[in-house]
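The next block holds one structure in the form of structure tokens; read it before the comments.
The values are calculated or read from the model by the stated rules, or taken from the named source; none is laboratory data. As the structure is a computational prediction, the values presented were derived from the model and not from experiment. In this analysis, Cβ positions are derived from the backbone assuming ideal geometry, glycine residues included, and neighbour counts consider all displayed protein chains.
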């Protein structure tokens, strides 16, 4: 399984991140030392650490540095701040961004750098119990191998469909 070799970073430690972690841990897809999260609310991070054994990043840049896949799980009105923060340093080209923020187009993340692979994902509520369906959209820079890993990840939530 290729996904178990990846480190998954979550920017935002709210409800969506908790759902994703719960399903990942249940599915046994990853070891918890390969899960890292950042959030300004340290209490939320501590709760995720206590519940799932994740690593707590001190800030978003640390989460990006340590992660292979970067899940941006913040409210849409906060996405701009996160992008601004991450663009202050050269965003690594070998990182894959997965955004679950509603209403934010893929091209908003492409401002982080040239050829940054971005996945936009929209899981539905039954994903909480592993019986959902997620809509996935990829920009042209996502490799077939990355797509395979993302398919494996979202299979832990139920089914997925790819939008063109």
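Based on what the data block shows, is residue 66 out of contact with any helix residue (DSSP H, G or I) (no Cβ under 6 Å at 6 or more places or on another chain) and within 19 Å of residue 20 (Cβ to Cβ)? Yes; evaluated as a whole, the condition is true for this residue.
Scanning the range 18-43 for residues that are surrounded by fewer than 20 Cβ atoms within 10 Å (Cβ to Cβ), modelled with pLDDT under 95 and within 26 Å of residue 84 (Cβ to Cβ) returns a single hit, 18.
Determine whether residue 48 is touching a strand residue (DSSP E or B) at 6+ places or on another chain (Cβ under 9 Å), free of Cβ contacts under 8 Å to residues at least 60 places away in the same chain, farther than 26 Å from residue 148 by Cα and not in a loop (DSSP other than H, G, I, E, B). The answer is yes for residue 48. In the range 56-161, counting only strands (runs of 3 or more DSSP E) that sit wholly within it, the ones holding 2 or more residues that are free of Cβ contacts under 8 Å to residues at least 24 places away in the same chain span 118-123. With respect to residue 142, determine if the residue is under 22 Å from residue 5 (Cα atoms) and in contact with a helix residue (DSSP H, G or I) (Cβ under 7 Å, 6 or more places away or on another chain). Considered against the rule, which asks whether it is under 22 Å from residue 5 (Cα atoms) and in contact with a helix residue (DSSP H, G or I) (Cβ under 7 Å, 6 or more places away or on another chain), residue 142 comes out as no. For the range 109-135, filtered to residues that are under 19 Å from residue 16 (Cα atoms), surrounded by 20 or more Cβ atoms within 10 Å (Cβ to Cβ) and under 13 Å from the mean Cα position of the chain (by Cα), the residue that is modelled with the lowest pLDDT is 123. Could you go through the range 75-94 and let me know if any residue there is at pLDDT 90 or above, closer than 23 Å to residue 32 by Cα and in contact with a helix residue (DSSP H, G or I) (Cβ under 9 Å, 6 or more places away or on another chain). No, the range 75-94 contains no residue that is at pLDDT 90 or above, closer than 23 Å to residue 32 by Cα and in contact with a helix residue (DSSP H, G or I) (Cβ under 9 Å, 6 or more places away or on another chain).
Any idea which residue in the range 30-45 is nearest to the chain's Cα centre (by Cα), counting only those that are within 15 Å of residue 12 (Cβ to Cβ) and assigned to a loop (DSSP other than H, G, I, E, B)? In this case the residue turns out to be 39.
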